[in-house]
Structure formats: structure tokens, C-alpha cells
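The values are calculated or read from the model by the stated rules, or taken from the named source; none is laboratory data. What you see is a predicted model; the values in this text were computed from it and never measured. Just so you know, the surface numbers come from the protein's heavy atoms only, side chains and all, with ligands and any DNA or RNA stripped out. Shrake-Rupley method; radii C 1.70, N 1.55, O 1.52, S 1.80 Å.
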Amino acid sequence: LPSEILRLAFITARLFYRDDRTFLEVATTCPSIHRAFYMFAVAVADRILLDKNKPVNAVALELKCFAEMLEEKPLLSIERQLGLLGELLVLERLLAKRGPDSLEAWVGPSGEPHDFRINSQEFEVKTTASTHRIHMVNGTEQLVPSKACTLSLISILLGPPGQGQGVSLTEKVDAVGKMLAPAPARVQQFCDRLMACGFRDTDNLHYNRKFALRRPMAIIPVDAKFPAITRLTIEKSLGASAVRIESLNYEVNVEGLENEDGSPGWARLFPV
């Protein structure tokens, strides 16, 4: 018998022999699933009598159908929704200033180490629902610029909006899509990158929670003064034992280091 049949908690299956014939018995002793089991048994019988499937194959096929029918959608967690919304806020700024071709700057969904790259400038977008600029850093390489590039962290604080205010992830996706509408090829690229981030159009209704900026977006250069823990800093601290550090996630507080949107520092570090 296939393992998918033998692993069931409330349905038993066994093969037995009588009068030189092989029989398959599928049964349940759990009263709460009697009705569902009856429907399952009828579907199995149809596959055997009408489709001429072998009994074991018929049971396995119906189990697969029931599992697919009850499979849950892999929706984005609230953290991933916030992260994607933050990246779209930055992308929206670029599109408004530079047009549809600036979609090329959004390189994170393509597997690049940072979210945006414009010429030799890279940007890592960090979005939080906290009231302070405290962001999670994943790994020792996330705050390391690519070769011949500079890196800046863009800090975005989102929170619950007032009545009639704010924007949802679904609304922001629609807004950015409209900005790209004059360039159909870019619209398809945008859809592909959303899919790479785990966002599907068919799940729009699940992402209607609204958010608003708590404070203006801010940018912080990731330079020698930035409190980043990288592989190099670990090696300097631990020496040969640094190789024993397999992974590292930490929170960094950038309050007081930021250059808020509209300030000279923002204009110097961000191209729009």
C-alpha cells in the first residue's frame, strides 16, 4: 500500500485474501468523519467502476484530490506585507521622477542582495510597524555593499491610519501598476517581480489592511560609522573562531542617524 494511505490518522487500509482473491479494505471508526468518509468512498467507487482504476490507485487519487481541495493559500505574513509595501513606496518615488524604466532599479525580487540599485548606489529598504527606527537585519551580508557600490538603508515606519486615510498593499500595487501602464512590457515585469515576492493578484482581497507613514521616510548611509555586524567585524572580534558563527539576525536602532525625506542629507543620498 502507498505511504500516503498508511499515514492517515483516522482511516485504515489493509489488503487481505479470500477465495484466492485480493481485497482492499478502507475503513474508519471515527464518527465525526463518517459523512465525509462516505463521500470519499463513493468517489473511490466511481473511479473503480466508471474509470476502471485499480482500487489502490483510486484511493490514492481521491486522497490527492481531497488534499488539493483543502489546501490553504500561502499568504504573505504581516511582516512580509510591510516589507513589500515599503519597497513599493520607494519604487513609486522612482517611477514618479524617472518614469517606467526605473523599474529596473528594483533588483531585490530578482535575487540580488539589496532591494534597489541605481548605477553604483544600492539601497536596502527596511520597514517596521514600530514607533522607533529599529529594524531587523538578516545575516552578516545584508548590510555589505556590492563591489564598487555604496549602500544606504532606507527606514520606513508604518502604523495604523486615521479614519479614511492610509493605503493598503493591494491599493499600492494597483497604483504602481497604473504608473507603469504606458509601458506594457514593464507591467509584465512588475507582475513577475510581485510573484517573486509572493504576491498574487488572486489574493488581493487578503491584503486590504491600511497603513500610513508614522514619520517621513529616512535614509542612513551604511558606512564605517554605521553599527553593522558583518563577517569582517566578527572575524576581527573572534579571529579563527569566526567560522563557527553559522547565522546571525539582529535588530539595529538607527534613531538619530537618519536623514529624513526633504532634508539636505536625503537629497544628497537618494537620487529623487
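Comparing 203, 19, 223 in a Gaussian network model of the chain where C-alpha atoms under 10 Å apart are linked, the largest mean-square fluctuation is found at 19.
Highest mobility in the GNM of the chain, judged by mean-square fluctuation with C-alpha springs under 10 Å and restricted to 211, 123, 40, is found for 40. The candidate values are [x] 24, 21, 19; [y] 52, 25, 18; [z] 39, 18, 17; the one derived from this structure for semi-axes √(5λ) of the Cα gyration tensor in Å carries the label [y]. Along region 5-13 the Karplus relation, 6.51 cos²θ - 1.76 cosθ + 1.60 evaluated at θ = phi - 60°, assigns HN-Hα couplings of 7, 6, 7, 5, 7, 10, 10, 10, 9 Hz to successive residues, with x for each Gly and Pro.
Computed from backbone phi, the HN-Hα couplings of region 182-194 come to x, 10, x, 5, 5, 4, 5, 4, 4, 4, 5, 6, 4 Hz, rounded to whole numbers (Karplus: 6.51 cos²θ - 1.76 cosθ + 1.60, θ = phi - 60°; Gly and Pro given as x).
Taking amide H as placed 1.01 Å from N in the peptide plane, residue 122 has its amide H under 5 Å from the amide H of 150, 151, 152, each at least 5 places away in sequence or on another chain. Rounded to the nearest Hz, the phi-derived 3J(HN,Hα) couplings of region 223-232 under the Karplus curve 6.51 cos²θ - 1.76 cosθ + 1.60 (θ = phi - 60°) are 10, 5, 8, 6, x, 9, 9, 10, 4, 5, where x marks glycine and proline.
Of all DSSP-defined beta bridges confined to the chain, some 75% are antiparallel rather than parallel.
Proximity of backbone amide H atoms, modeled 1.01 Å from N, is registered between residue 263 and no other residue at under 5 Å, excluding neighbours fewer than 5 places apart on the same chain. Mean residue ellipticity, 222 nm, helices only, the chain: the sum of -39500 (n - 2.57) across DSSP H runs of n ≥ 4, divided by residue count and rounded to 500, is -11000 deg cm²/dmol. When all protein chains stay in place and ligands, DNA and RNA are ignored, the 1.4 Å accessible-area order of 70, 238, largest first, is 70, 238.
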